[in-house]
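Presented below is the structure to which this report refers.
The values are calculated or read from the model by the stated rules, or taken from the named source; none is laboratory data. Just so it is clear, the model here is predicted, and its values are computed rather than measured. Using ideal geometry, Cβ is built from the backbone for each residue, glycine included, and neighbour counts are taken over all protein chains shown. What goes into the accessible areas is simple: the full protein's heavy atoms, side chains included, and nothing from ligands, DNA or RNA. Shrake-Rupley method; radii C 1.70, N 1.55, O 1.52, S 1.80 Å.
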Amino acid sequence: MIDCGSGGLTMLRAALWAGLAILLFVVLLPPRVTAGEGWLASRGLLRQRKVRTDCLVAVRWSDGVAQRLVLRDLDGGRVELDPHVLIANPQLWRLLDAGARTSLDRGTLLCGATALRQLSRRIDGETAHSVFKVSGLE
């Protein structure tokens, strides 16, 4: 807008601004997370990653500034997702939890029970907080 108003907008500058806008869109576009009975998928702009939740072998927290939950299954599938997605959508959490419990029962989930318990407590706390807020008890 400033370039256009000052008369300094050329084709090259317009192309650079458009490229910057597209890059910003690609970086900030959140992945779409879907789930069903026994599976969870995360689809980004370029590809989809899928994991079988009933055959999980590892669940862990990723290192870094933005905390992510990393799920790995027997087939080598790997999905990374933001825990806020599960907090905001309890149905996704229920499907993931049911699949993880199946993995625990089968003995395939060797690493990650602690991470799942931490996430469960966090989701339960957020849910209780929401209930108190809606009912006016906060």
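Assorted remarks:
- Residues in the range 76-97 include none that are surrounded by 12 or more Cβ atoms within 10 Å (Cβ to Cβ), more than 16 Å from the chain's Cα centre (by Cα) and in contact (Cβ under 8 Å) with a residue 12 or more places away in the chain.
- Scanning the range 111-130 for residues that are surrounded by 11 or more Cβ atoms within 10 Å (Cβ to Cβ) and of a type in the set (A, V, I, L, M) turns up 113, 115, 116, 119, 123.
- Candidate set from the range 98-110 (those that are in a helix (DSSP H, G or I) and touching a residue at least 40 places away in the same chain (Cβ under 8 Å)); member that is most open to solvent (accessible area, probe 1.4 Å): 106
- Residue match in the range 42-56 (condition: among the aliphatic types (A, V, I, L, M), open to solvent by less than 30 Å² (accessible area, probe 1.4 Å) and part of a strand (DSSP E or B)): yes
- Among the residues listed as 23, 71, the single one being closer than 23 Å to residue 125 by Cβ and either touching a Lys or Arg at 6+ places or on another chain (Cβ under 8 Å) or outside any loop (DSSP other than H, G, I, E, B) (or both): 71
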